[in-house]
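Input: a single structure, listed below in structure tokens.
The values are calculated or read from the model by the stated rules, or taken from the named source; none is laboratory data. Computed from a predicted model, the values in this text were never measured in an experiment. We place every Cβ from the backbone using ideal geometry, glycine too, and count neighbours over all the protein chains shown. SASA here: full protein model, heavy atoms, side chains in, ligands and nucleic acids out. Shrake-Rupley method; radii C 1.70, N 1.55, O 1.52, S 1.80 Å.
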Amino acid sequence: MNPIRYFLLSISAAVILVSTGTLQAQTQPRFTDVTQAAGVVNRLLGTSAAWGDYNGDGRPDLYVTNWGTGVSNPLNALFRNNGDGTFTDVAQTAGVVPLGANSISATWADYDDDGDLDLYVVDYFRSDILYRNRGDGTFEDVTGTAGVAGGRLGNKTYATWGDYDGDGRLDLYICKYYAGNELYHNDGNGTFTEVEAGVGDKRDSEKAAWADYDGDGDLDLYVVNREQANALYRNDGKGKFTEVAPLLSVDNTEVGRNVAWGDYDNDGDLDGFLANVGANVLYRNDGAGKFTNVSKTAGVRASASGWISWAGIWGDFNHDGLPDLFVAHGAESADGEPDALFVGQTGGTFVDRTAGAGFGVPGYSMNAAAADYDGDGDLDLFVVHDKFPGFEISRLFRNEQNDRNFIKVKVAGAGPPLSNRNGIGAKVRLLAAGTQTLRGYRFTASGPQPPSEAHFGVAPGTYNVEVTFPSGRTARQAGVTQGQTVTIQER
């Protein structure tokens, strides 16, 4: 039995190492704009979107944050997935509408380990909000009692969940402008304590992403800073971090917007893609504490028609067994720019296939989120648009791949004292029965991907799934074939 894929669940994100025996024939990814028909029209000044199954019906729902302005009512939206290709905005009845807010991002996670997804909403000016899921379709604002309002100093920009100390509970990292970033330790009783762990970056931070870049079993943290050097904090496994970005030559100083980790070159370690206003960067992880900027040779330094990038999303959009990269473009540009879709090629390079994918129209995208919203096995995309004062509608693009060459794996941790319920930090292996010659890759979809879900494009065949949880426990399921969705639970 030969290993096919490895999958690491990162902070509200999927970090996946995938390998297939026989690659599928490469096809041009094709997407259709279904925004109106699906009922996910967001006409406000969108800032972010996050997929998550908040009501436990097996279908990903969508939370969209909006920026307050003098000419719009900045109500956020919670689009409940109706299961028939349409959505209903239930934000008001669910209780997740922060009135008068300037929401800039949001993230789902089961912070209280009760089996359902809670929601953290970041507000640029005011207090952030932690919504606890009551389990009946409604949420309770527990920010005050939990102690995670984001502090009084600075302007918040982003938040990301991760169990940095391996105690089975999800901790929270908050990025800021004009003040130091903050790390909140989950105390396990519904409250958090801010800790000094060496990650209080005082530059203007846009985004952050957890990833075990050095493969030592604990989560490290990459922070994207605007027009200042980025940071990479190495976790020492004892609750402290050391800044190593300058030593590893990953302290990029462009106008940074986002980071996405993934093993694009199939060598078993995590590489990092930076979305910048300017030249994008793909850092190849060479192991032994070395990275190389290969964005130009790999073909992802910029798209053919744009340099103003805001977010990167990894995913095998055409199910050929190779990682593809979607890049959101254009927000704050003069005339808009088309989003870009780079299709992975054998040998670790990419080809710009934007024109045939359905993303060729210039726009003002500042974020994106991927999920299989319609349950047909391929990854769809919600792209957040941010244009003022025109209020360009955000778009839902349905992937028309429409085949059975996929396997989805949902990972469920047992909760403390073992692994967090979302299984964040777990490793998933997809193994082929028989003696196929195999190849692999690892990718990460940071932040907006549904928690606890791995999506693999596969060749026809029978596979075995093996999950190693953060606690070290292992669970297996044999005889999985293409077109299946399986849930692996920690016991």
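For the reader, a short list of remarks on this structure follows.
- Leu153 vs. criteria open to solvent by less than 50 Å² (accessible area, probe 1.4 Å) and of a type outside the set (D, E, K, R): no
- Enumeration of residues in the range 227-236 that are touching a residue at least 40 places away in the same chain (Cβ under 8 Å) and surrounded by fewer than 21 Cβ atoms within 10 Å (Cβ to Cβ): none
- Of everything listed in (1) out of contact with any helix residue (DSSP H, G or I) (no Cβ under 7 Å at 6 or more places or on another chain); (2) open to solvent by 10 Å² or more (accessible area, probe 1.4 Å); (3) modelled with pLDDT under 95; (4) not β-branched (Val, Ile, Thr), the single unmet condition for Asp263 is (2).
- Residue match in the range 72-85 (condition: touching a residue at least 12 places away in the same chain (Cβ under 8 Å) and acidic (Asp, Glu)): no
- Comparison of Leu322, Leu396, Leu379 shows that the only residue that is under 20 Å from the mean Cα position of the chain (by Cα), surrounded by 19 or more Cβ atoms within 10 Å (Cβ to Cβ) and at pLDDT below 90 is Leu322.
- The residue of the range 195-222 that is modelled with the lowest pLDDT, among those that are touching a Leu at 6+ places or on another chain (Cβ under 7 Å) and open to solvent by 10 Å² or more (accessible area, probe 1.4 Å), is Asp212.
- Of the listed requirements (1) of a type outside the set (Lys, Arg); (2) modelled with pLDDT under 90; (3) open to solvent by less than 10 Å² (accessible area, probe 1.4 Å); (4) out of contact with any strand residue (DSSP E or B) (no Cβ under 8 Å at 6 or more places or on another chain), Leu430 misses just one: (4).
- Any hit, the range 240-248, residues being under 30 Å from Arg30 (Cβ atoms) and among the small types (Gly, Ala, Ser): no
- Only listed residue being at negative phi, surrounded by fewer than 18 Cβ atoms within 10 Å (Cβ to Cβ) and in contact (Cβ under 8 Å) with a residue 24 or more places away in the chain, chosen from Leu248, Leu274: Leu248
- Where strands (runs of 3 or more DSSP E) fall wholly inside the range 301-401, the ranges with 3 or more residues that are under 25 Å from Asp53 (Cα atoms) are 309-315, 324-329, 365-371, 380-385, 395-399.
- Condition broken by Glu140, with the remaining ones in (1) free of Cβ contacts under 8 Å to residues at least 60 places away in the same chain; (2) more than 20 Å from Asp53 (Cβ to Cβ) satisfied: (2)
- Candidates in the range 297-310 are the residues that are modelled with pLDDT of 95 or more and surrounded by fewer than 21 Cβ atoms within 10 Å (Cβ to Cβ); of these, the one that is nearest to Asp386 (Cα to Cα) is Gly299.
- When the range 464-486 is limited to residues that are part of a strand (DSSP E or B) and in contact with a Gly (Cβ under 8 Å, 6 or more places away or on another chain), the one that is least open to solvent (accessible area, probe 1.4 Å) turns out to be Val467.
- Selected residue [crowded, with 24+ Cβ neighbours inside 10 Å and on the phi > 0 side of the Ramachandran plot] from Gly330, Gly336: Gly330
- Here the strands (runs of 3 or more DSSP E) wholly within the range 149-193 that include at least 2 residues being without any contact (Cβ under 8 Å) to a residue 24 or more places away in the chain are 182-186.
- Residue match in the range 363-371 (condition: modelled with pLDDT under 95 and open to solvent by 40 Å² or more (accessible area, probe 1.4 Å)): no
- Hey, Asp165 surrounded by fewer than 17 Cβ atoms within 10 Å (Cβ to Cβ) and charged (D, E, K, R) or not: no
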